[in-house]
1. Does region 288-304 contain any residue that is touching a Gly at 6+ places or on another chain (Cβ under 7 Å) and either of a type in the set (Asp, Glu) or part of a loop (DSSP other than H, G, I, E, B) (or both)?
2. Can you spot a residue in region 146-161 that is under 26 Å from Ile401 (Cα atoms), touching a residue at least 12 places away in the same chain (Cβ under 8 Å) and basic (Lys, Arg)?
3. If you go through region 254-274, how many residues are surrounded by fewer than 22 Cβ atoms within 10 Å (Cβ to Cβ) and within 22 Å of Asp476 (Cα to Cα)?
4. Return the total of residues in region 6-21 being surrounded by 16 or more Cβ atoms within 10 Å (Cβ to Cβ) and not in a helix (DSSP H, G or I).
5. May I ask you to list the residues in region 265-284 that are in contact with a Phe, Trp or Tyr (Cβ under 9 Å, 6 or more places away or on another chain) and either more than 22 Å from Val507 (Cα to Cα) or not in a helix (DSSP H, G or I) (or both)?
6. Filter region 492-527 down to residues that are in the same structural domain as Phe419 (by TED's automatic domain parsing), of a type in the set (S, T, N, Q) and either assigned to a strand (DSSP E or B) or surrounded by fewer than 19 Cβ atoms within 10 Å (Cβ to Cβ) (or both), then give me how many there are.
7. Report the residue count in region 245-287 for those that are farther than 24 Å from Asn467 by Cα, out of contact with any strand residue (DSSP E or B) (no Cβ under 8 Å at 6 or more places or on another chain) and either of a type in the set (A, V, I, L, M) or outside the structural domain of Val517 (by TED's automatic domain parsing) (or both).
8. Here is a check on your reading of the model: is Asp329 in a helix (DSSP H, G or I) and either in the same structural domain as Gly471 (by TED's automatic domain parsing) or more than 24 Å from the chain's Cα centre (by Cα) (or both)?
Amino acid sequence: METAIHDILTDLQQRFGADALQQQRTVDGILTLWISKANIVAAVSFLQLQGYSSLYDLCGIDERDRARKEQLPVADFSVVYLLLSYKENNFIRLKVPLTGEYPTLPSITSVFLNANWYEREIYDMFGIRFDGHPHLQRLLMPLSWPGHPLRKEHPARATEMGPFRLWDEKQDAEQEALRFKPAEWGLQSHSEDADFMFLNIGPQHPGTHGVLRIILQLEGEEIVDAVPEIGFHHRGAEKMGERQSWHTYIPYTDRIDYLGGVMNNLSYLLAVEQLAGITIPDRAKVIRVMLCELFRINSHLVWFGTFAQDLGQLSPVFYMFTEREKIFDVIEAVCGGRMHPNWFRIGGVAQDLPNGWDQLVRDFVKRFPAKLKEFNDMVMRNSLIKARTKGIGVYTLEEAIEWGVTGPGIRACGFDWDFRKKRPYSGYEMFDFDIPIAQHGDCYDRSVVRVAEMRESLRIIEQCLDNMPAGHYKADHPLTTPPIKKHTMEDIETLITHFLNVSWGPVIPPGEAMSCVEATKGATSYYLISDGNTSSYRTRIRTPSFPHMQMVPLISRGYTVADLLSILGSVDYVLADIDR
């Protein structure tokens, strides 16, 4: 990997000149280069040809209030491009410094199609414009929203804003803003021989699994095009990360993929622990893995039952939710909470495993395989389910990579990429499990992969059960939260440190770090920037559902409205995961 990083850096310096690039050292070790906006499109195009075929993430930063930035280029704002090479198993991060109140830079949508929504999000949140973008308008906030929420001057709390008032003229303007105008999206109202119909699916439709609006352009029953409208669940999760302490932000992460439970905590805490230089004990690692895999099965059961329900099979959802409740019983016994246990901590977990945990897990491990076989026979072998999913919503591996698809979606195209195997974290390298794949990239194969993943998660849980290490459940480090209590009895300085860490939260050293986990729906990442304070300067959450939803129009064209429900169910998104 070091050789690959050196080679790509040399290639970039030869192409753009050593003076055009400034390297930044980051805690996560990802090659990070500052480059001018004049060169960004050429640099991204060059890296794509060198095998960095996936635009993994794209985000903005308001640099104006950042402390300890003397070694960085002068910038009021910056835009960060994170590219992934599957071939080299390597990330590269490009940063563009921008000056001025409302800066601009060129769009890269001509290079990476999935940059469309990312650039719209940056425009929405920061007011940075992208020249050449095909449709640059707000993505998450209402079109009438004043200001850009992730700019530092924008209020972080409702109490910092005036009372909300909705007078008649404002209501009329808001209603007009919601009116869909096909011409603005380059859609025709009619063809040479037919008039198109435009149909709203949602934002209150059972098939959308939440408050999502998809406007369909239809010719009869056939979908000509689709325009998803998101943002109805947007709660400013990234903004909250700037005002909560490193510790008190943990419960907020539970609510991103609200079916992923503690897996959300893990993706956040791995980045915090990199910044703090905390080494996690083996026992804490294995406890974390066991809980994450329980939540993976839990999430997949919700998907499995609702997917069958979307396709007209009502019974499975009741059977699967019953089994899900039994998993919650185990989680509640260990964590004290069920759906949002908020149980992981900086440095480990909140407390050690309770007496009797092993018998609870063992009972589940014995019971679940037969139940999973029953569910699989009930749904996946059903001829009507096969008819409604095979050959529907197809995409190729190349399209999946181009649009940023991860998780079961990319593995259904025959690509055995799983971050737990390829870039292991939290001790996953200690476990024996396989990466399920399929070949056709359709709704049925995406389902096959998820069912097989539940079996693999069960294997991992069994290994946790049989090989749980002895030792501490939390790191012996002063920045763990809360710190180890027994140390406070040794001297007054330690007691004071404990008090400050609990009341104010730990002060995390300055730096930047990105973590990446194989979450229930694909790759989830937290990119955190600390400027040496008790809270994050910038919290960026990369979720799998966001790029997956952006791809829905591509895999819906040419199918029917009924097929759309199969496609949406097979994508397995969560609206809070999209909107954050």
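1. Among the residues of region 288-304, not one is touching a Gly at 6+ places or on another chain (Cβ under 7 Å) and either of a type in the set (Asp, Glu) or part of a loop (DSSP other than H, G, I, E, B) (or both), which makes the answer no.
2. Looking for residues that are under 26 Å from Ile401 (Cα atoms), touching a residue at least 12 places away in the same chain (Cβ under 8 Å) and basic (Lys, Arg), one finds none in region 146-161, hence no.
3. Counting residues in region 254-274 that are surrounded by fewer than 22 Cβ atoms within 10 Å (Cβ to Cβ) and within 22 Å of Asp476 (Cα to Cα) gives 1.
4. 1
5. Within region 265-284, Pro281, Arg283, Ala284 qualify.
6. Adding up the residues that qualify gives 3.
7. Within region 245-287, residues that are farther than 24 Å from Asn467 by Cα, out of contact with any strand residue (DSSP E or B) (no Cβ under 8 Å at 6 or more places or on another chain) and either of a type in the set (A, V, I, L, M) or outside the structural domain of Val517 (by TED's automatic domain parsing) (or both) number 2.
8. yes
The values are calculated or read from the model by the stated rules, or taken from the named source; none is laboratory data. Worth saying up front: this structure is predicted, and the values here are computed from it rather than measured. Please note: Cβ atoms are built from the backbone with ideal geometry, for glycine as well, and neighbour counts cover all protein chains shown.
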